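*Asks:* Would you mind keeping the following structure in view while I ask a few things?
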Amino acid sequence: MNSFLSQRPLEVPVGSFAGLFLERIQHYADNPALIDGLSGEQLTYAELSRHVRVLAANLIERGLEPGEVTAIIAPNSIWFPVALYGIAFAGGVYSTLNPMSSPEDVRELLKLVGATRLIVTPQVFERLRDTLITLPLKDIFVLGVSEGLTPFASLLVGKPLAEERCRDLQKDLLALMFSSGTSGFPKAVMLSNRNYVAATEQVTAAQVFRRSDTILAALPFFHIYGQTSFIGSALSQGARLIVLPALDLEVTLRVIQDYKITVAPVVAPVVLQFAKHPLVDHFDLSSLRLAISGASPISADLLKSAADRLKVPVLNGWGLTESTTTGAVSEPGMPKEAEGSVGRVMHGIEVRVVEIGGNQDVAPGADGELLIRGPNVMLGYFNNPAATAETIDAQGWLRTGDVGRIDEHGNLRIIDRAKEFIKFKGFQISPVELESVLLMHPAVADAGVVPSPDTESGEVPKAFVVLRSPVTEAELIDFVAQRVTPYKKLRDIEFIDSIPKTPAGKILRRILVLREREKRETHAVSGDRLEDRVVITRHGNVLSICLDRPRKMNAFDRDMFIGLAKAMAIYEDDPGLRCAVLHANGLVFTSGMDIVSSAPLAARGELRIGDPSLVDMLEIDPAVRRRSKPVVLAVHGKCMNLGVELAAAADIVIAAQDVTFIQREVAVGLFPFGGATVFLPAKIGLGNALRYILTAEEFDAQSACRMGLVQEVVPQSQLMTRAFEFARLIAQNSPSGVKAALASVRLAREKGPEAALATLLREVARLTGAEDFKEGAAAFLEKRAPNFKDA
């Protein structure tokens, strides 16, 4: 077994979490313990100790039985530690919930742990009133004033409890904390007194906090991180906590300045703000000696940027609710080789690195799933033996679900959550790695990367990005592509206003994943999808034909050819359709061929559409029908190879101002086998056609317009509107006349003007007898719009 045992042993004191705490803080007496950073209200250590003992006595007097669960649903306040330790000293079990939890979640979570008493703020109660009154709660205590509820303050008056209620410190529950585990609805994590005592000792042994420190306490106390780091370790050492209900940047900076904060434990999003936000420069933060990031992975570059700006070390830590938040932490004065890691494994903890989803240890220094063992590891999941067995094995190893490695210096480096890795064609891609690269771009304020369903690759990485300043999707995709291996590059970006996160700063990927899945499902059923490559939508007598393979840059493979051929056949065979607009989704109109799937077929001459009933717009298959109806092409972004051929084959081309045309097939050893060799010389002249086919030079939309490949250049925002305007104008005309005009142009191009003139009289005679001609003549005489019907 290739486990890594911390070289720093831990002796866990015998005693309870609350008992040891009260014993230690008696040395600090009248020193300030907790100060409200907004109101200035404070508690000394002597007051804190007395309040805890009095609360415990009153809870017992009101009938609290040993092991009975009291829930706390409240934001941070100086009274939160009083409630926590008071419940513990009385022999009860506490369970803490996010005050922003939905009514449905609160109902299910309180039922899950069997809570009989509740401590809330007036605001939380009012929001959850309809839910709470339906639950079998014996008492609801309010931190403030709310009609009909018992004030929490009334529990702080009376005789203190002299001795803590006895319990089995190793096996009996102290807390039921919520965690999603490896997946699914939150589970109740069973933590004992020994778990909390061990975790507190581990944080203290890491020497992050000092007695002389003034500590920013804005991370949520309902979270295990806040409980062991602040309520446990920092207060046990006699530090001063400046309590804030949330991590608002401006308020946080002002409190650091005004209270001379020395240690600022925050989360990754705040580290990002420390590194980039202009507000930071407007406050005096010189009192800081260090900042700490925890609760979610963060890149070494971002940590360094924040440290350079704050001019203090920014430490990093790792743990989870199931390990009572402890695991590893970087420490003050860490060597350079530890930068970007979460430091060394904490005192008394063992770590193994195994194959993801397996139990085989990986080679030293290799990536794998982290397993952890120590006195801080939970007892299991409450009333869920199956989930417990999946998470903790018979030897006590806890499967964390995190992927990381231990380097040659003994530093632990976290890569990502195993369940959040993106599976791209068998490769595993870390969202955190891509987020870290995106955050290096000066225009990016925040980012979240998730898997997006993809029919060809299984999943592809997609980024949701919050912008600080303007930047295009293409620029960001290129920025990332230059910094990662090819299979890791982003395939899609969506700009949004904010990234959903927990109060502890973790990205709520499940929300982004759900949003993306719903979008892909909606997209999949919009219009008619052909060969999963082309989407057609009818707009009256105009057919929209959309190349919809954006993550492959709309590259053509056999399925794309067939999808377009089917779309053209539907267009040709429907007499109600009189014009088509061909366009594409994504950043690139088309990159030409999908080299992997199409090049071998092309080289063997097997790239055929095959079904003679279909329509070949590019004329690569002589056995397939040619089109007879008009096509307007709307082109944007890059238009490469077969994209140029589509432009040459179309009747009218509208181009966005940013379009770049390029024929690079010859440059990569391929023959331009599509319609370019036929259509392009006729459109732009043989000399120009040979120049661009043979040299692979690029030309822009204006050059294409001057040569005649493009008829009009418009801003990107007007592209589709203008294309459909042209299509509707064409659709208003006589179908017979339009077809005849296209046929005449085709004949002139293939056999010369004389051939077209030779058939002119015969064609005029044919059209004169058509219903369209008769309707047109009648409309002219009657001074009305014609009503054409012929196909």
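*Asks:* Which condition number in (1) over 20 Å from residue 294 (Cα atoms); (2) among the charged types (D, E, K, R); (3) free of Cβ contacts under 8 Å to residues at least 40 places away in the same chain is the one that residue 408 fails?
*Replies:* Status for residue 408: all satisfied but (3).
*Asks:* Also: Looking only at segment 371-390, which residues are surrounded by 22 or more Cβ atoms within 10 Å (Cβ to Cβ), in contact with a helix residue (DSSP H, G or I) (Cβ under 7 Å, 6 or more places away or on another chain) and either outside any loop (DSSP other than H, G, I, E, B) or without any contact (Cβ under 8 Å) to a residue 40 or more places away in the chain (or both)?
*Replies:* Matches in segment 371-390: 372, 381.
*Asks:* Pick out the one residue from 542, 484 that is among the aliphatic types (A, V, I, L, M) and buried (at least 19 other Cβ atoms within 10 Å of the Cβ). Spell out the reasoning first.
*Replies:* Working: 484 fails: buried (at least 19 other Cβ atoms within 10 Å of the Cβ).
Among 542, 484, only 542 is among the aliphatic types (A, V, I, L, M) and buried (at least 19 other Cβ atoms within 10 Å of the Cβ).
*Asks:* Among the residues of segment 612-630, is any within 34 Å of the chain's Cα centre (by Cα) and surrounded by fewer than 23 Cβ atoms within 10 Å (Cβ to Cβ)? Talk me through it step by step, then tell me what you get.
*Replies:* So in segment 612-630, the residues within 34 Å of the chain's Cα centre (by Cα) come out as none.
Checking segment 612-630: not a single residue is within 34 Å of the chain's Cα centre (by Cα) and surrounded by fewer than 23 Cβ atoms within 10 Å (Cβ to Cβ).
*Asks:* Please enumerate the residues belonging to segment 435-490 that are in a helix (DSSP H, G or I), free of Cβ contacts under 8 Å to residues at least 40 places away in the same chain and out of contact with any strand residue (DSSP E or B) (no Cβ under 6 Å at 6 or more places or on another chain).
*Replies:* Scanning segment 435-490 gives 475, 478, 481, 486.
*Asks:* Can you list the helices (runs of 4 or more DSSP H) found entirely within segment 246-323 that contain at least 2 residues being out of contact with any strand residue (DSSP E or B) (no Cβ under 7 Å at 6 or more places or on another chain) and closer than 20 Å to residue 435 by Cα? Lay out the reasoning, then the answer.
*Replies:* Numbers: elements: 249-258, 268-276, 300-310.
Here the list reads 268-276, 300-310.
*Asks:* Restricting to segment 682-707, give me the number of residues that are surrounded by fewer than 17 Cβ atoms within 10 Å (Cβ to Cβ), within 44 Å of the chain's Cα centre (by Cα), modelled with pLDDT under 90 and not charged (D, E, K, R).
*Replies:* 3
*Asks:* Next question. Working only within segment 416-459, note down all residues that are modelled with pLDDT of 90 or more and among the aliphatic types (A, V, I, L, M).
*Replies:* Selection gives 434, 437, 438, 439, 440, 443, 444, 445, 447, 449, 450.
*Asks:* Just for strands (runs of 3 or more DSSP E) wholly inside segment 137-223: which have at least 2 residues that are of a type in the set (Gly, Ala, Ser) and in contact with a helix residue (DSSP H, G or I) (Cβ under 8 Å, 6 or more places away or on another chain)?
*Replies:* On the way: elements: 139-142, 173-179, 187-192, 214-217.
Of the strands (runs of 3 or more DSSP E) lying wholly inside segment 137-223, those with at least 2 residues that are of a type in the set (Gly, Ala, Ser) and in contact with a helix residue (DSSP H, G or I) (Cβ under 8 Å, 6 or more places away or on another chain) span 173-179.
*Asks:* Just checking, how many residues over segment 326-370 are part of a strand (DSSP E or B), within 27 Å of the chain's Cα centre (by Cα) and either free of Cβ contacts under 8 Å to residues at least 60 places away in the same chain or surrounded by fewer than 23 Cβ atoms within 10 Å (Cβ to Cβ) (or both)?
*Replies:* Within segment 326-370, the first condition is being part of a strand (DSSP E or B), and the residues that meet it are 328-329, 344-345, 350-354, 361, 368-370.
From what's left, within 27 Å of the chain's Cα centre (by Cα): 328-329, 353-354, 368-370.
Keeping just the survivors that are either free of Cβ contacts under 8 Å to residues at least 60 places away in the same chain or surrounded by fewer than 23 Cβ atoms within 10 Å (Cβ to Cβ) (or both) gives 354, 368-370.
Residues flagged as part of a strand (DSSP E or B), within 27 Å of the chain's Cα centre (by Cα) and either free of Cβ contacts under 8 Å to residues at least 60 places away in the same chain or surrounded by fewer than 23 Cβ atoms within 10 Å (Cβ to Cβ) (or both) within segment 326-370 amount to 4.
*Asks:* Identify, by number, the condition in (1) more than 41 Å from the chain's Cα centre (by Cα); (2) surrounded by fewer than 15 Cβ atoms within 10 Å (Cβ to Cβ) that residue 134 doesn't meet.
*Replies:* Residue 134 satisfies every listed condition except (1).
*Asks:* So residue 26 ticks every box in (1) more than 37 Å from the chain's Cα centre (by Cα); (2) among the polar types (S, T, N, Q); (3) surrounded by 18 or more Cβ atoms within 10 Å (Cβ to Cβ) but one. Which box is left unticked?
*Replies:* With (1) more than 37 Å from the chain's Cα centre (by Cα); (2) among the polar types (S, T, N, Q); (3) surrounded by 18 or more Cβ atoms within 10 Å (Cβ to Cβ) applied to residue 26, the lone miss is (3).
*Asks:* Okay, moving on. Of everything in segment 147-179 that's loosely packed, with under 11 Cβ neighbours inside 10 Å and of a type in the set (D, E, K, R), which residue is farthest from residue 52 (Cα to Cα)?
*Replies:* Among residues in segment 147-179 that are loosely packed, with under 11 Cβ neighbours inside 10 Å and of a type in the set (D, E, K, R), the one farthest from residue 52 (Cα to Cα) is 147.
The values are calculated or read from the model by the stated rules, or taken from the named source; none is laboratory data. Since we're looking at a predicted model, the values are computed, not measured. When we count neighbours, we look across all protein chains shown, and the Cβ atoms used for this are built from the backbone with ideal geometry, even at glycine.
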